[in-house]
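Only one structure is covered here, and it is reproduced in the block below.
The values are calculated or read from the model by the stated rules, or taken from the named source; none is laboratory data. Please read these numbers as outputs of a predicted model, since none were measured by experiment. Note: ideal-geometry Cβ built from the backbone for every residue, glycine included; neighbour counts use all protein chains shown.
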Ligand SMILES: Cc1cc2nc3c(=O)[nH]c(=O)nc-3n(C[C@H](O)[C@H](O)[C@H](O)COP(=O)(O)O)c2cc1C
């Protein structure tokens, strides 16, 4: 039976699931559903986790325990752990200056941090607040080509080491809760407004005194009446370039001299195209189940993709990672490491940087323990020999 810690002392939180429960209590309903929800029937959202659970770990006994070697190379970045903080938009809805809190926690752990195009803090603000973080930038290609070009120039100016092109969100997935929570784009339903009033701490921290935070990166390109976060949501859904294709990605490749990776790859043929295009890496991802419901879970997709491109391109994975044993399974199947999505967002929503740090500490402790219990001395030693892939 599962019992969750119900208090608010973050140091007593034992798992990402407990952090999620705390985040849910802290956030108003519309913000919680934005964070936790998936598309349509949420089948992909739930399979992202259950497919990890269906893989069993093989362990060797009587292997003397030392701290295993768990550092990793994530694309060009040296990382103290085989995990980093992935891109997510509207983080300011969860905690004041959440983008900076996430970046600071990443820097303290010596892992990379990726900022979204639709962040609330601008890339310049994050860079100034956390100068020495390994900073990656995620680009949503916009219909407004000048805005896209300008975002690239700014990412270069703040010395982003890696550019992440998100390829699975040419249109926004069918997130029914989002439409349910709003009467129209900028207007919460009455029930949701009342629900917000039940969360005075959140109002004080996130809304007071200026309302929801504005869109740091996109602000210069937003029409005057759409500068607010909720106004920007509509603008962005209209601005995502539905015509983004391999040719355009190749053009961006030519313009970007640093590392460049494609996020949202689920098919081996697309992974092969990414290799042919000379990209530095791919993220096997279904956007945390927020886009195509019914898509393969990321861990299943990895099993198809890794045998085809391993050794030719760096492979990262996200979607569904909640335990370090998930990370072990991804690495054993050929990933160099994972991007954390909701796991660290639950942390930031529960307590800002302290909450994110607690999540990263939990995952690091779990990782060391898991490898010790498996009798594995180095992360690099992991292979499919450490897994039972069929359900038996
Ligand atoms: C609230 C939220 C906002 C997100 N925003 C973005 C985004 O702006 N850009 C992007 O490429 N991916 C975005 N994602 C997807 C994440 O980068 C990542 O693929 C996903 O969260 C991984 O699944 P997980 O949350 O189950 O770990 C978002 C995910 C969530 C939960």
*Breaking point among (1) near the ligand (Cβ under 9 Å from one of its atoms); (2) on the phi > 0 side of the Ramachandran plot; (3) in contact with a helix residue (DSSP H, G or I) (Cβ under 7 Å, 6 or more places away or on another chain), for residue 287*: (3)
*Listed residues 85, 75, 111, 55; which is more than 16 Å from the ligand (Cβ to nearest atom) and either within 30 Å of residue 377 (Cβ to Cβ) or touching a strand residue (DSSP E or B) at 6+ places or on another chain (Cβ under 8 Å) (or both)?*
55
*So which residues in segment 135-176 are within 15 Å of residue 239 (Cα to Cα), in a loop (DSSP other than H, G, I, E, B) and in contact with a strand residue (DSSP E or B) (Cβ under 9 Å, 6 or more places away or on another chain), if there are any at all?*
140, 141, 143, 167, 168, 169, 170, 171, 172
*asked:* residue 350 - would you say it is more than 14 Å from the ligand (Cβ to nearest atom), touching a residue at least 60 places away in the same chain (Cβ under 8 Å), within 28 Å of residue 175 (Cα to Cα) and buried (at least 24 other Cβ atoms within 10 Å of the Cβ)?
replied: yes
*Mind telling me which of the residues 101, 80, 129, 108 ends up being in contact with a helix residue (DSSP H, G or I) (Cβ under 8 Å, 6 or more places away or on another chain) and surrounded by 21 or more Cβ atoms within 10 Å (Cβ to Cβ)?*
101
*Go over the candidates 23, 39 one by one and state the one that is within 18 Å of the chain's Cα centre (by Cα), in a loop (DSSP other than H, G, I, E, B) and either surrounded by fewer than 13 Cβ atoms within 10 Å (Cβ to Cβ) or at pLDDT 95 or above (or both).*
39
*Across segment 303-317, which residue is nearest to residue 338 (Cα to Cα) among those that are touching a helix residue (DSSP H, G or I) at 6+ places or on another chain (Cβ under 8 Å) and surrounded by 24 or more Cβ atoms within 10 Å (Cβ to Cβ)?*
317
*One residue from 297, 390, 383 being modelled with pLDDT of 95 or more and farther than 25 Å from residue 67 by Cβ*: 297
*Any residue in segment 155-168 that's farther than 18 Å from residue 240 by Cβ and modelled with pLDDT of 95 or more: show its pairings with residues that are within 16 Å of the ligand (Cβ to nearest atom) and assigned to a loop (DSSP other than H, G, I, E, B) at Cβ separation under 6 Å, as long as the two are six or more apart or on different chains.*
162/75
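What number of residues within segment 1-14 are assigned to a helix (DSSP H, G or I) and without any contact (Cβ under 8 Å) to a residue 60 or more places away in the chain?
Qualifying residue count for the region: 1.
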*When you look at residue 143, is it within 16 Å of residue 217 (Cα to Cα), more than 16 Å from the ligand (Cβ to nearest atom), touching a residue at least 24 places away in the same chain (Cβ under 8 Å) and surrounded by fewer than 22 Cβ atoms within 10 Å (Cβ to Cβ), yes or no?*
yes
*Answer with yes or no whether residue 148 is under 20 Å from residue 218 (Cα atoms) and under 17 Å from the mean Cα position of the chain (by Cα).*
no
*Please state which one of 17, 101 is within 16 Å of the ligand (Cβ to nearest atom), under 16 Å from residue 354 (Cβ atoms), touching a residue at least 40 places away in the same chain (Cβ under 8 Å) and outside any loop (DSSP other than H, G, I, E, B).*
101
